[in-house]
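The values are calculated or read from the model by the stated rules, or taken from the named source; none is laboratory data. Please read these numbers as outputs of a predicted model, since none were measured by experiment. Reconstructed Cβ throughout: ideal geometry from the backbone, glycine too, with neighbour counts over all protein chains shown.
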Amino acid sequence: MTSTHPASQSSTLETQALEARLAIACEVVRRAGQEARKAWQAGSLAVDVKGHQDFVTAIDRDTETLIRNELTNAFPGDGVLGEEFGGPKSDGPLWVVDPIDGTTNFIRGLADWAVSLALVEGTQLHLGIIYDGGRDCLYWARAGHGAYIEGKPVRCADTPDPNRALIMLGTNSHTPLDHHLTDHRKLDALGAAYRRHGSAATGLLMVADGRVDAYYERSLNAWDALGGLCIAQEAGAVVTAQKVDQFLRTAGPVLCTAPAIAAPIGDVLASGLTANSVSKW
């Protein structure tokens with residue numbers, strides 16, 4: 001394993017260009033998220049099935065379309081990669097969007113869902129912007145410049161040991177149930193409590209603002225994770241995951257923890273991490 005911080009590497013995007021992108025992206029994600037929230041509050045959504053426990057609504061597609069169109073108009077040289085409509089995987093500036101992370105929650109009227117956006121460039125993760133739909137609030141981060149909710153800084157928890165820790169343990173239909181149960185048993189033996197709530201993006205926000213102490217999932221796609229990882233890392237969390245360019249090619253594991261418990265939590269979940277090519281960011 002090698003160590004790197006995405007923000008430490010050279011970039012073709014200057015500070016002014018990143019600030020312009022962050023400002024517009026925040027505006028677009030908030031607008032898209034609030035439109036989705038109106039549909040969520042109204043209920044009675046038309047649902048299509050993509051696979052086992054894998055659903056999509058017209059709101060997913062409409063939200064991604066809105067974000068794509070706005071970003072492409074504002075920054076015509078940037079690419080857009082989305083969960084619903086795909087896109088390029090270039091080394092240039094690339095927006096990675098999950099229009100509704102936690103679609104099952106969204107469909108059923110549960111509050112844990114989000115609109116997630118990240119800006120990457122090669123191996124670098126520049127920006128993370130997430131609208132928390134259930135709470136009607138916007139989080140954002142720029143690599144090297146901290147993480148914020150509605151303009152106020154956020155920091156992850158300082159929980160001193162696993163016996164006092166609360167862990168979000170994600171899973172999905174691509175992860176064998178036995179693997180999930182194994183992770184649960186390991187955390188239980190360590191003394192940590194755990195929850196599962198169905199949205200990686202909001203789970204990573206919870207690490208960022210200290211509501212939980214860690215998030216772990218054995219298999220996430222880039223659009224599920226990158227926005228939240230940027231925000232959590234800038235809030236002080238320790239991130240162990242694939243390099244950004246590899247994440248764009250294939251799903252992989254993610255561990256994001258408050259720093260004081262990073263070592264013991266990482267040790268008990270190490271088999272799920274070392275089986276894949278992951279690095280501490």
TODO: Answer yes if at least one residue in segment 173-180 is out of contact with any Phe, Trp or Tyr (no Cβ under 7 Å at 6 or more places or on another chain) and over 22 Å from Gly102 (Cα atoms), and no otherwise.
DONE: yes
Open item on the list: Here's a check for you: in segment 234-281, which residue that is of a type in the set (D, E, K, R), modelled with pLDDT under 95 and more than 19 Å from Arg164 (Cα to Cα) is surrounded by the most Cβ atoms within 10 Å (Cβ to Cβ)?
Closed with: Lys243
TODO: Can you work out which of the residues in segment 66-106 that are in contact with a Leu (Cβ under 7 Å, 6 or more places away or on another chain) and outside any strand (DSSP E or B) is nearest to Gln41 (Cα to Cα)?
DONE: Ile67
Task: Residue list for segment 99-109, filter: at pLDDT below 95 and on the phi < 0 side of the Ramachandran plot - done: Thr103, Thr104, Asn105, Phe106, Ile107, Arg108
Open item on the list: For segment 34-44, give me each residue that is under 16 Å from Thr104 (Cα atoms), touching a residue at least 60 places away in the same chain (Cβ under 8 Å) and assigned to a helix (DSSP H, G or I).
Closed with: Ala36, Arg37, Trp40
TODO: Kindly indicate which of Tyr215, Tyr194 is assigned to a strand (DSSP E or B) and surrounded by fewer than 20 Cβ atoms within 10 Å (Cβ to Cβ).
DONE: Tyr194
TODO: Answer yes if at least one residue in segment 193-205 is touching a residue at least 40 places away in the same chain (Cβ under 8 Å), more than 23 Å from Thr63 (Cβ to Cβ) and not small (Gly, Ala, Ser), and no otherwise.
DONE: no
- [ ] Filter segment 73-98 down to the residues that are surrounded by 14 or more Cβ atoms within 10 Å (Cβ to Cβ) and small (Gly, Ala, Ser), then identify the one that is modelled with the lowest pLDDT.
- [x] Ser90
Task: Selected residue (criterion: farthest from Leu94 (Cα to Cα)) from residues of segment 197-212 that are assigned to a helix (DSSP H, G or I) and in contact with a strand residue (DSSP E or B) (Cβ under 6 Å, 6 or more places away or on another chain) - done: Val207
TODO: Please go through segment 218-229 and pick out each residue that is surrounded by 24 or more Cβ atoms within 10 Å (Cβ to Cβ) and either closer than 17 Å to Gly82 by Cβ or among the aliphatic types (A, V, I, L, M) (or both).
DONE: Leu220, Ala222, Trp223, Asp224, Ala225, Leu226, Gly227, Gly228, Leu229
TODO: Output the residues belonging to segment 166-191 that are of a type outside the set (Lys, Arg) and either assigned by TED's automatic domain parsing to the domain that holds Thr103 or assigned to a helix (DSSP H, G or I) (or both).
DONE: Leu177, Asp178, His179, His180, Leu181, Thr182, Asp183, His184, Leu187, Asp188, Ala189, Leu190
- [ ] Taking the residues in segment 1-32 that are β-branched (Val, Ile, Thr) and over 17 Å from Val115 (Cα atoms) as candidates, determine which candidate is modelled with the lowest pLDDT.
- [x] Thr2
- [ ] From the list Ile149, Ile167, pick out the single residue that is farther than 30 Å from Lys89 by Cα and in contact (Cβ under 8 Å) with a residue 12 or more places away in the chain.
- [x] Ile167
